[in-house]
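Accompanying notes for the structure given below.
We did not get these values from a lab; they are worked out from the coordinates using the rules stated. Remember, predicted model here, so these are calculated numbers, not experimental data. Using ideal geometry, Cβ is built from the backbone for each residue, glycine included, and neighbour counts are taken over all protein chains shown.
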Amino acid sequence: MITWIEDYFAKGCGRCARFATADCSARLWQAGLVTLRRICGAAGLVETVKWGHPTYTHAGRNIAIIGAFRGDFRLTFFDAALLSDPEGVLEKQGPNTAHPDCLRFTDPAAAEAMEPAIRAFLAEAMGHAEAGRRAPKAASSPDLPEELVAALDSDPELAEAFHALTPGRQKSWALKVGGSSVPATRNARIAKARPHILAGKGAHDR
C-alpha cells in the first residue's frame, strides 16, 4: 500500500495488481477524486494516508476517507450515524453497513455540484469530533474476545482499522479469533490478522 498521499492521485492505493496502470480506478476517477480532495482541504481537515487511501482528520478523529472503485468514486464519513441527512443523499456502502455513510459519484461534475452539501456534512462531523461525540454502537456489533479487545486497546492503528470495517467483517474476525479457547492461539491469530485488518479486509476476504 502507498504511504505518500500524492501517489494515490497519480498511481492508486497500491492494494491490487492494477496499481500504477491505466486500469487503476484512482486514475479512472482522478478528476473527481481531486475535487473531493480540494473540498476536504478547504474545510480545514488534516490530510493523511490510512489503509492506502486519502483520509481526513480533525481534532484527532477520522472524519472522511476518499475511495475509487470500478463503477464509482466515493467520500465516506466516519461516525456517519451522527450526521443530519434530511435529503437522504447518503448511501450505504453495502448490505453489512449499519448506517448510510457515503456519497457515491459517477461524474466529477456531480461532486462539484454537491460541494455545498459536502461542506455541510464535513462541518457537522468536525463539530462532533470537537465535542467528543461518537456514534452509538450498533446493536449488531459483535462481542469481541478479550485478547482482541486488549490488542485494540494497545494498538491505536489496529483499533482505527478494525472499527472502520463493516460489522460483518468485524464479526468475521471475532469468530476467527474466538474460535480457539487457548489464549496463545488467539493472540497468534490476532498477529496474523493484523495486516489484513489494516488493509480493510475481513477474515474471509482474499
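What's log10 of I(q)/I(0) for region 1-112 at q = 0.11, 0.15 Å⁻¹, Debye sum over Cα points only, no solvent? So the normalised log intensities are -0.33, -0.63.
Determine the percent antiparallel among the DSSP beta bridges restricted to the chain, to the nearest 5.
Antiparallel: roughly 100 percent of the beta bridges in the chain.
3J(HN,Hα) along region 176-188, derived from phi through the Karplus expression 6.51 cos²θ - 1.76 cosθ + 1.60 where θ = phi - 60°, amounts to 4, 5, x, x, 10, 9, 8, x, 5, 5, 4, 5, 5 Hz, with x in place of Gly and Pro. In a DSSP loop and with at most 11 other Cβ atoms within 10 Å, the GluC sites (Glu not before Pro) in region 1-96 are Glu87. Here the label points at Ala59 and Glu112, each 7 Å from Cα along the C-beta direction, are separated by 3.3 nm in the simple model.
Rank Ala42, Ala159, Leu75 by how far each Cα sits towards the positive end of the charge dipole of the chain (+1 on Lys, Arg Cβ; -1 on Asp, Glu Cβ) and give me just the farthest. Farthest towards the positive pole: Ala159.
Largest GNM mean-square fluctuation across Ala43, Ala110, Ala161, computed for the chain with C-alpha springs under 10 Å, falls on Ala110.
Dipole of the chain computed with +1 at Lys/Arg Cβ and -1 at Asp/Glu Cβ about the Cα centre; of Ala31, Leu103, Gly52, farthest Cα towards the positive end is Gly52. Note on Lys192: lysines with a C-alpha under 22 Å away, same-chain residues under 8 apart excluded, are Lys50, Lys171, Lys176, Lys201. The per residue volume of the convex hull around the alpha-carbon atoms of region 167-206 is 57 Å³.
Quote the charge dipole size of the chain about the Cα centre in Debye, to the nearest 20; the model charges only the Cβ of Lys and Arg (+1) and of Asp and Glu (-1). Spell out each step's value before the answer.
Details: 25 positive and 23 negative charges, 148 e Å.
In total the dipole reaches around 700 debye.
With the largest listed first and rounded to whole Å, the semi-axes of the equivalent ellipsoid of the chain from the Cα gyration tensor are 29, 21, 15. Using the Cβ of Ala174 as centre and a radius below 12 Å, the other residues enclosed give a net charge of +2, where K and R count +1 and D and E count -1. Computed from backbone phi with θ = phi - 60° and the Karplus coefficients 6.51, -1.76 and 1.60, the 3J(HN,Hα) list for region 102-117 is 9, 10, 10, 10, 10, 8, x, 5, 5, 5, 4, 5, 8, 3, x, 5 Hz; x is used for glycine and proline.
Here the Karplus curve 6.51 cos²θ - 1.76 cosθ + 1.60, taken at θ = phi - 60°, turns the phi angles of region 13-25 into couplings of 7, x, 9, 9, 5, 7, 4, 6, 10, 5, 8, 5, 4 Hz, with x standing for Gly and Pro.
Throw me the Rg/Rh for region 126-205, computed over C-alpha atoms with Kirkwood Rh, two decimals.
1.00
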